[in-house]
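S.K.: One structure, pasted below without further comment.
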Amino acid sequence: MRKHLPAAIATALASVLSIPATYAVLRAYDVLFKKEPDPAKIVWSAYIAMFWRLGVGSYVAGMLIPLAFMAARADLAKTVRVLCTCVVVVAVLIGFQGIFMP
């Protein structure tokens, strides 16, 4: 098990990063192509799109887990370099979405 621990940590990071990335992309889609209200202004309703976007992000993270684990087992150094880039990209995505598309 210890042999696969670095790959498991890289996989966990990849799956955690995919949730805010998916959320930012879906929110940008809703703002640009649909008429969705700002989720911060909705106290409660039967359909809150924010929870649906987080649910889809969790689903994407689940689909990404086997792929990230296989990539990390094949070449851990390359996977970690890609994940370091992904951290910056996800931060820019969520920051851009939060500032310009609330």
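Just so it is clear, none of the values below were taken in a lab; they were calculated from the coordinates. Just so we're clear, the structure is a prediction, and the values are computed from it rather than from any experiment. In this analysis, Cβ positions are derived from the backbone assuming ideal geometry, glycine residues included, and neighbour counts consider all displayed protein chains.
S.K.: Just add up the charged neighbours of Ala10: K/R +1, D/E -1, any other residue whose Cβ is under 13 Å from the Cβ of Ala10.
M.R.: Local charge sum for Ala10: +2.
S.K.: Between beta-carbons, use under 14 Å as the cut-off and find the net charge around Ile19, counting Lys and Arg +1, Asp and Glu -1.
M.R.: +2
S.K.: Stokes-Einstein D for the chain at 37 °C, 0.692 mPa s, Kirkwood Rh over Cα pairs, in µm²/s?
M.R.: Reported coefficient: 222 µm²/s.
S.K.: With a cut-off of 8 Å between alpha carbons and a minimum separation of six or more residues, what is the relative contact order of the chain in percent? Each step should come with its number before you reach the end.
M.R.: Numbers: 83 pairs, mean separation 49.1, N = 102.
Dividing the mean separation by the residue count of the chain yields 48 percent.
S.K.: What FRET efficiency comes out for the pair Met70/Ile9, r = Cβ-Cβ distance, R0 = 22 Å, nearest 0.05? Please report the intermediate quantities before stating the final value.
M.R.: Details: r = 15 Å, r/R0 = 0.68.
Computed FRET efficiency for Met70 and Ile9 comes out at 0.90.
S.K.: PRE reach from Val25 (point 7 Å along Cα→Cβ): which of the stretch 82-96 fall under 16 Å by backbone N?
M.R.: 83, 86-96
S.K.: Separate question: So what is the calculated 222 nm ellipticity per residue for the chain, using -39500 (n - 2.57) for each DSSP H run with n of 4 or more, over all residues, to the nearest 500 deg cm²/dmol? If you can, show how the numbers build up before the last one.
M.R.: Details: 3 runs with 80 residues, N = 102.
It lands at -28000 deg cm²/dmol.
S.K.: Helix 5-33: angle to the longest alpha-carbon principal axis of the chain, degrees 0 to 90, nearest 10?
M.R.: With both axes taken from Cα atoms, the answer is about 20 degrees.
S.K.: Residues with beta-carbon under 13 Å from that of Ala71, excluding Ala71: net charge, scoring Lys, Arg +1 and Asp, Glu -1?
M.R.: +2
S.K.: In nm, what is the difference between 0.36 nm times the number of residues separating Leu32 and Ala91 and their Cα-Cα distance?
M.R.: 19.2 nm
S.K.: Then there is this: Taking neighbour counts of Cβ atoms within 10 Å as a proxy for exposure, in what order, fewest first, do Val87, Val80 appear?
M.R.: Lowest to highest Cβ neighbour count: Val87, Val80.
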